[in-house]
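The values are calculated or read from the model by the stated rules, or taken from the named source; none is laboratory data. These figures come from a predicted structure and were not determined experimentally. No Cβ is skipped: glycine too gets one built from the backbone with ideal geometry, and neighbour counts run over all protein chains shown.
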Amino acid sequence: MKKHKLIFLLIFVSIFLNITNCNSTEPPDDELKPGRRDYTWTVDTLLPPESHRTVPFYISNLWGSSPDDMWAICSGASPLILLWHYDGSKWSLYPQQLGRDLWGIYGFAKNDVWIGDAENSIWHFNGSIWSKAKSLSLSGFDRVEVNYLWGISPTNIYATGFADQFSGGTEYIGVLLHYDGTDWKFIDIPNIRAGFYMVLRKTSTEELIVQGLNHDYGFLDKIYVYNENSIREIYSEYKEAVLEEMDGEVYVTIDRKIYRYSNGQLNFWKDFPGTSFLVFRGGRNEKDFFGASIEGLLHYNGTDLQAIYKTYPKNIGLYRVFIFEKDVFISAYEEETQLKFIIRGTLKN
């Protein structure tokens, strides 16, 4: 599977949402209060050491146990500059090298964090050191790449990715893995000629929604539903489909329209005609969610859509969003300068 397509997805469409209390029960929509917009914004640039300042890398994902304990993982040519940590005051390179191309991250506490990479490995952090928790292999393929992690509990975690013939073959299949608290194992599914790049869960039905990509003839986006040991396709088009999760529901943006998965299919939910809205980025609830456009980061409060962090006229791509109760972290990339930075918004007291 070609790495440049995954980077393309990350730069232009993929922003990941995680909420620290995803098990909370939201009140009915008509009782929700409009989401606040009074954020104070700060920006931190991720600058590698001078010796690696020109080495290409891209921020691929974010995760944190609190606003004072954040991780940023990256893909790139040197493992020396791919793992960053934020302690509440500054971002710095973590003094440990993992694999090349770190793609997926998920955790449950500051001493229980997982990372998947492009070199057959899943890593675990125990609060003091990262260690290789699993080396993956699949017969007929010479590489397993882990692109995304999503957890329900510390003993119930899923991962998606693909297996391919990196050394020169043309075969590739999507892979789905599960961690039961003891070991990571491949889930037995039919061979599907698509890389799996994301997995999210619809809480009420316990279905897993998987985003896939077939690149045989262009980029054919796929969406699958896995439930009770079976997987089925519900979307296959040459139109980009962007998945996000919000309050236990799974949403998909296609052609600037937002669809919600329910009753086994994608159903139209909302759009914003006459605005610059491009893609849904997830949120806390249906009166407090985010979108993106050429203007920058957008916010919907149940009444209107506004740009709350403007990037225009600079050409800045917003990658991932990670949300806490009063804080939001966004990874970003500026095309002209090739700088990578983290934008933090904090609601005023």
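Confirm whether SER167 is out of contact with any helix residue (DSSP H, G or I) (no Cβ under 7 Å at 6 or more places or on another chain), within 20 Å of HIS124 (Cβ to Cβ), polar (S, T, N, Q) and touching a residue at least 12 places away in the same chain (Cβ under 8 Å).
Considered against the rule, which asks whether it is out of contact with any helix residue (DSSP H, G or I) (no Cβ under 7 Å at 6 or more places or on another chain), within 20 Å of HIS124 (Cβ to Cβ), polar (S, T, N, Q) and touching a residue at least 12 places away in the same chain (Cβ under 8 Å), SER167 comes out as no.
Check VAL144 against each of (1) assigned to a strand (DSSP E or B); (2) at positive phi and name the one condition it does not meet.
(2)
Can you tell me which residue among LEU200, LEU220 is under 17 Å from LEU176 (Cα atoms) and either touching a Leu at 6+ places or on another chain (Cβ under 9 Å) or exposed (fewer than 14 other Cβ atoms within 10 Å of the Cβ) (or both)?
LEU200
Among the residues of the stretch 136-175, which ones are among the β-branched types (Val, Ile, Thr) and over 29 Å from ALA72 (Cβ atoms)?
THR170, ILE173
Among the residues of the stretch 172-188, is there at least one that is of a type in the set (S, T, N, Q) and surrounded by 15 or more Cβ atoms within 10 Å (Cβ to Cβ)?
no
Each row is one residue, and each column tells you yes or no for (1) farther than 29 Å from ASN301 by Cα; (2) modelled with pLDDT of 95 or more; (3) among the β-branched types (Val, Ile, Thr).
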residue: GLY35; (1), (2), (3): no, yes, no
residue: THR45; (1), (2), (3): yes, yes, yes
residue: PRO49; (1), (2), (3): yes, no, no
residue: LEU80; (1), (2), (3): yes, no, no
residue: HIS85; (1), (2), (3): yes, yes, no
residue: GLY107; (1), (2), (3): no, yes, no
residue: ASN126; (1), (2), (3): yes, yes, no
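How many residues are surrounded by fewer than 12 Cβ atoms within 10 Å (Cβ to Cβ) and under 13 Å from ILE173 (Cβ atoms) when one looks only at the stretch 124-162?
Residues flagged as surrounded by fewer than 12 Cβ atoms within 10 Å (Cβ to Cβ) and under 13 Å from ILE173 (Cβ atoms) within the stretch 124-162 amount to 2.
Before we move on, is THR346 touching a Phe, Trp or Tyr at 6+ places or on another chain (Cβ under 9 Å), more than 25 Å from ASP255 (Cα to Cα), surrounded by fewer than 21 Cβ atoms within 10 Å (Cβ to Cβ) and of a type outside the set (A, V, I, L, M)?
For THR346, the condition - touching a Phe, Trp or Tyr at 6+ places or on another chain (Cβ under 9 Å), more than 25 Å from ASP255 (Cα to Cα), surrounded by fewer than 21 Cβ atoms within 10 Å (Cβ to Cβ) and of a type outside the set (A, V, I, L, M) - is met.
Inspect the stretch 314-322 for any residue being more than 19 Å from the chain's Cα centre (by Cα) and modelled with pLDDT under 95 and give the result as yes or no.
yes
Among the residues of the stretch 162-175, is there at least one that is of a type outside the set (A, V, I, L, M) and within 20 Å of the chain's Cα centre (by Cα)? So that I can check it myself, show each step before the final result.
Here is the first cut: in the stretch 162-175, the ones of a type outside the set (A, V, I, L, M) are 162, 164-172, 174.
In the following step, the residues that additionally are within 20 Å of the chain's Cα centre (by Cα) were identified as 162, 174.
Checked the stretch 162-175: at least one residue is of a type outside the set (A, V, I, L, M) and within 20 Å of the chain's Cα centre (by Cα).
Any residue at all in the stretch 238-258 that is free of Cβ contacts under 8 Å to residues at least 24 places away in the same chain, out of contact with any helix residue (DSSP H, G or I) (no Cβ under 9 Å at 6 or more places or on another chain) and within 22 Å of ALA118 (Cβ to Cβ)?
Applying the first criterion (free of Cβ contacts under 8 Å to residues at least 24 places away in the same chain) to the stretch 238-258 yields 238-239, 254-258.
Restricting the remaining residues to those that are out of contact with any helix residue (DSSP H, G or I) (no Cβ under 9 Å at 6 or more places or on another chain) gives 238-239, 254-258.
In the following step, the residues that additionally are within 22 Å of ALA118 (Cβ to Cβ) were identified as none.
There is no residue in the stretch 238-258 that is free of Cβ contacts under 8 Å to residues at least 24 places away in the same chain, out of contact with any helix residue (DSSP H, G or I) (no Cβ under 9 Å at 6 or more places or on another chain) and within 22 Å of ALA118 (Cβ to Cβ).
Just to be sure, is GLY99 within 20 Å of the chain's Cα centre (by Cα), modelled with pLDDT under 95 and closer than 17 Å to LYS340 by Cβ?
no
Residues PHE290, PHE277: which one is surrounded by 20 or more Cβ atoms within 10 Å (Cβ to Cβ), within 22 Å of SER65 (Cβ to Cβ) and of a type in the set (Phe, Trp, Tyr)?
PHE290
Somewhere in the stretch 268-279, is a residue in contact with a Leu (Cβ under 8 Å, 6 or more places away or on another chain), part of a strand (DSSP E or B) and within 27 Å of GLU206 (Cα to Cα)? Break it down stepwise before answering.
Applying the first criterion (in contact with a Leu (Cβ under 8 Å, 6 or more places away or on another chain)) to the stretch 268-279 yields 272, 275-277.
Right, trim to part of a strand (DSSP E or B) and you get none.
No, because not a single residue in the stretch 268-279 is in contact with a Leu (Cβ under 8 Å, 6 or more places away or on another chain), part of a strand (DSSP E or B) and within 27 Å of GLU206 (Cα to Cα).
Can you pull out every residue in the stretch 288-337 that is among the polar types (S, T, N, Q) and either in contact (Cβ under 8 Å) with a residue 40 or more places away in the chain or in contact with a Leu (Cβ under 8 Å, 6 or more places away or on another chain) (or both)?
Matches in the stretch 288-337: SER293, ASN301, THR303, GLN306, THR311, SER331.
Tell me whether the stretch 242-256 contains one or more residues that are closer than 30 Å to GLY174 by Cβ, within 20 Å of the chain's Cα centre (by Cα), small (Gly, Ala, Ser) and surrounded by 14 or more Cβ atoms within 10 Å (Cβ to Cβ). First the steps, then the outcome.
First, pick out the residues of the stretch 242-256 that are closer than 30 Å to GLY174 by Cβ: 242-256.
If we keep only those that are within 20 Å of the chain's Cα centre (by Cα) too, we end up with 242-256.
Still in the running and small (Gly, Ala, Ser): 248.
Filter again for surrounded by 14 or more Cβ atoms within 10 Å (Cβ to Cβ), leaving 248.
Yes, the stretch 242-256 has at least one match.
Consider the stretch 259-274. How many of its residues are touching a residue at least 12 places away in the same chain (Cβ under 8 Å), surrounded by 18 or more Cβ atoms within 10 Å (Cβ to Cβ) and closer than 22 Å to GLN211 by Cα?
2
Residue check: is ASP117 crowded, with 22+ Cβ neighbours inside 10 Å, without any contact (Cβ under 8 Å) to a residue 60 or more places away in the chain and charged (D, E, K, R)?
yes
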